[in-house]
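The values are calculated or read from the model by the stated rules, or taken from the named source; none is laboratory data. Everything numeric here is computed off the predicted structure, so don't read it as measured data. Cβ coordinates were reconstructed from backbone atoms using ideal geometry, including for glycine residues, and neighbour counts include every protein chain displayed.
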Amino acid sequence: MSDATRKADILRLAHLRARGEQAFDLAPDAADRKMIAGELALSDLRKLRLQGQVTEDGTDWVLEAHLGATVVQPCVVTLDPVTTRIDETVMRRFSPEAERPEDLPGDEMEMPEDDTVEPLEHDIDLNRVLIEALSLALPPWPRRDDAEMGQTTAAAEGTEPLTDEDTKPFAGLAGLRDKLKDDG
């Protein structure tokens, strides 16, 4: 993100306290969308918008927003482009009681019970919220509607290839059941 864009998209809590709430409408330009698409391994990011408000709730700050995006990803079967429209509600609660997890490389992390709660700092970075919400909303296995997995078989010369049906242990039982029904 450009420096000017980054500064405008960071809400300073000291400024928010006087108002109690702040509306926002974040729509990255083409250059910023291209950078985000690269970070998230997308083929294209045609539209992107995070629109909502941050309100004070006691000692916490609550972000409620709508994420809208049009993303293009490669199909997991054919690698052809798959376009997906994303419309998601985004909720975050920034609380001084939330603990920041230790970020140690290679260590496992336990997922918190409420994944909308985040540690309260001196500001709220709307770009970080936008990119995180988008990455969570992306289809993990984008696939074209007409894409089908083919079947590859191989066998030594002079032998019959083994198929997926042959490897299913109960596949022969259905035929036996049907034969027994016919025999009475």
| task | Can you run down the residue pairs with Cβ atoms below 7 Å, 6 or more apart or on separate chains, where the first is in region 118-137 and in contact (Cβ under 8 Å) with a residue 40 or more places away in the chain and the partner is assigned to a strand (DSSP E or B) and among the small types (Gly, Ala, Ser)? | result | 120/95; 134/69
| request: Tell me, yes or no, whether region 145-159 has at least one residue that is closer than 30 Å to residue 67 by Cβ and modelled with pLDDT of 70 or more. | output: yes
| note | Of 76, 71, 54, the only residue that is modelled with pLDDT of 85 or more, within 18 Å of residue 129 (Cβ to Cβ), among the aliphatic types (A, V, I, L, M) and in contact with a Phe, Trp or Tyr (Cβ under 6 Å, 6 or more places away or on another chain) is 54
| message | As an exercise: evaluate residue 40 against (1) loosely packed, with under 15 Cβ neighbours inside 10 Å; (2) without any contact (Cβ under 8 Å) to a residue 60 or more places away in the chain and give the number of the one condition it does not meet. | response | (2)
| task | Consider only pairs whose beta carbons are under 7 Å apart and that are at least six residues apart or on different chains; among these, list those whose first residue lies in region 75-91 and is acidic (Asp, Glu) and whose second residue is surrounded by 13 or more Cβ atoms within 10 Å (Cβ to Cβ) and at pLDDT below 95. | result | 80/144
| Among the listed residues 48, 26, 11, 42, which satisfies the condition of being touching a helix residue (DSSP H, G or I) at 6+ places or on another chain (Cβ under 7 Å) and under 29 Å from residue 76 (Cβ atoms)? | 48
| field | Test: residue in region 89-101 that is under 22 Å from the mean Cα position of the chain (by Cα), loosely packed, with under 14 Cβ neighbours inside 10 Å and modelled with pLDDT under 90 | value | yes
| request: Scan 8, 4 and give me the residue that is surrounded by fewer than 13 Cβ atoms within 10 Å (Cβ to Cβ), at pLDDT below 95 and among the small types (Gly, Ala, Ser). | output: 4
| query | Based on what the data block shows, is residue 163 modelled with pLDDT under 75 and assigned to a loop (DSSP other than H, G, I, E, B)? | reply | yes
| task | Identify the residue in region 43-60 that is in contact (Cβ under 8 Å) with a residue 40 or more places away in the chain and of a type in the set (A, V, I, L, M, F, W, C) and, among all such residues, is surrounded by the most Cβ atoms within 10 Å (Cβ to Cβ). | result | 50
